[in-house]
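Trainee: Submitted below is the structure of interest, expressed as structure tokens.
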Amino acid sequence: WTRVGIDMGSATTVAVVCRNDGFWQPVLFDGQPWLHSGVYRSGIGPVLTGGQALAAAMADPAGYLPDPGGRISADAVPLGDGTKPGVDLVGAVLRRVLHETERVCGGAVAEVVVVVPPGWGPPRRALLRQAAQDAGVRAPVLVPAAVAVASRADGLDVPVGRWVVVCDLGARAAASVVRRTVTGYEILAELDGDAGGDRIDD
């Protein structure tokens, strides 16, 4: 195993490990190919992730944060009886993913790729890099979500110089225009709005 790709979404986080020959497989968390992105913390205790965080939240909802990525820029996120920087909460999720990855692969992998959510500019990208480094990744590789989709989509053949629109309808809604270059893809424009699944009730 030479690489792990991590995509931390608003509701769930997924990870895939890859080999040089192109073979890949998802990382399992409690038997599932995804991890609940939410975190839990009470007072000065440790930050819990995944199923442990959900179970603890049943008895103490005030200590649970379902979408730590959405609060990565916050200096002090209230959880239970205390606060925690948002970047630390994201780092806790990434640390859990890396722990499971090392268990599956028998050790650390050489390259860690983290998907950057649509609409994240330099400040939040820097915080995402910091969270990954705090989780133990020396040199994380950040890849914008739209670039990851366009470069790996099956059956998509975009000539150099042409563009494609990538739409992402999750908890939020985003659309990105990416252009094919001689070396890959570049983002020309992005639209990120409050129009996704977390607005259905409204």
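Trainee: Can you name the residue in region 70-105 that is in a loop (DSSP other than H, G, I, E, B) and in contact with an Asp or Glu (Cβ under 8 Å, 6 or more places away or on another chain) and is also farthest from Arg124 (Cα to Cα) among such residues? Talk me through it step by step, then tell me what you get.
Mentor: Step one: list which residues in region 70-105 are in a loop (DSSP other than H, G, I, E, B), which gives 72-76, 80-81, 85.
Filter once more, so that each one left must be in contact with an Asp or Glu (Cβ under 8 Å, 6 or more places away or on another chain): 80, 85.
Values: Gly80: 25, Pro85: 13 Å.
The residue in question is Gly80.
Trainee: Next question, about the same structure. Whether any residue in region 114-130 is among the aliphatic types (A, V, I, L, M), open to solvent by 20 Å² or more (accessible area, probe 1.4 Å) and at pLDDT below 90 is what I want to check. Reasoning before the result, please.
Mentor: So in region 114-130, the residues among the aliphatic types (A, V, I, L, M) come out as 114-116, 126-128.
Narrowing the set further to residues that are open to solvent by 20 Å² or more (accessible area, probe 1.4 Å) leaves 115, 126-127.
This time we only want the ones that are at pLDDT below 90, so: none.
Within region 114-130, none of the residues are among the aliphatic types (A, V, I, L, M), open to solvent by 20 Å² or more (accessible area, probe 1.4 Å) and at pLDDT below 90.
Trainee: Against the definition (surrounded by 12 or more Cβ atoms within 10 Å (Cβ to Cβ), closer than 22 Å to Ala74 by Cβ, among the small types (Gly, Ala, Ser) and at pLDDT 85 or above), how does Ala148 come out, yes or no?
Mentor: Values: surrounded by 12 or more Cβ atoms within 10 Å (Cβ to Cβ): yes; closer than 22 Å to Ala74 by Cβ: no; among the small types (Gly, Ala, Ser): yes; at pLDDT 85 or above: yes.
No: the conditions fail for Ala148.
Trainee: Given the conditions (1) surrounded by 18 or more Cβ atoms within 10 Å (Cβ to Cβ); (2) more than 24 Å from Ala139 (Cα to Cα); (3) under 13 Å from the mean Cα position of the chain (by Cα), which single one is not true for Val90?
Mentor: Of everything listed in (1) surrounded by 18 or more Cβ atoms within 10 Å (Cβ to Cβ); (2) more than 24 Å from Ala139 (Cα to Cα); (3) under 13 Å from the mean Cα position of the chain (by Cα), Val90 misses just condition (2).
Trainee: Need pairs with beta-carbon distance below 7 Å; first residue closer than 26 Å to Gln25 by Cα and within region 104-131, second assigned to a helix (DSSP H, G or I) and open to solvent by 60 Å² or more (accessible area, probe 1.4 Å); sequence gap 6+ or separate chains.
Mentor: Ala108/Glu102; Val116/Arg125
Trainee: Limited to region 37-63, what total is found for residues that are farther than 18 Å from Arg95 by Cα and open to solvent by 10 Å² or more (accessible area, probe 1.4 Å)? Spell out the reasoning first.
Mentor: Restricting attention to region 37-63, the residues satisfying the condition of being farther than 18 Å from Arg95 by Cα are 42-44, 55-63.
Next, from what is left, pick out any that are open to solvent by 10 Å² or more (accessible area, probe 1.4 Å): 42-44, 55-62.
Residues flagged as farther than 18 Å from Arg95 by Cα and open to solvent by 10 Å² or more (accessible area, probe 1.4 Å) within region 37-63 amount to 11.
Trainee: Shifting gears a bit: Out of Trp1, Trp34, report the one residue that is buried (at least 16 other Cβ atoms within 10 Å of the Cβ) and in contact with a Lys or Arg (Cβ under 9 Å, 6 or more places away or on another chain). Walk me through it before giving the result.
Mentor: Working: Trp34 fails: in contact with a Lys or Arg (Cβ under 9 Å, 6 or more places away or on another chain).
Only one candidate qualifies: Trp1.
Trainee: Out of curiosity, is Val14 closer than 19 Å to Thr101 by Cβ, open to solvent by 40 Å² or more (accessible area, probe 1.4 Å) and among the hydrophobic types (A, V, I, L, M, F, W, C)?
Mentor: On the way: closer than 19 Å to Thr101 by Cβ: yes; open to solvent by 40 Å² or more (accessible area, probe 1.4 Å): yes; among the hydrophobic types (A, V, I, L, M, F, W, C): yes.
Judged against the criteria, Val14 is a match.
Trainee: Kindly list the number of the only condition in (1) in contact (Cβ under 8 Å) with a residue 60 or more places away in the chain; (2) surrounded by fewer than 18 Cβ atoms within 10 Å (Cβ to Cβ); (3) not β-branched (Val, Ile, Thr) that fails for Asp67.
Mentor: Looking at each condition in turn, Asp67 falls short on (2).
The values are calculated or read from the model by the stated rules, or taken from the named source; none is laboratory data. Here the structure is a predicted model, which means the values were calculated and not measured. Virtual Cβ from ideal backbone geometry, glycine too; neighbours counted across all protein chains shown. For accessibility, only protein heavy atoms count, side chains too; no ligands or nucleic acids. Shrake-Rupley method; radii C 1.70, N 1.55, O 1.52, S 1.80 Å.
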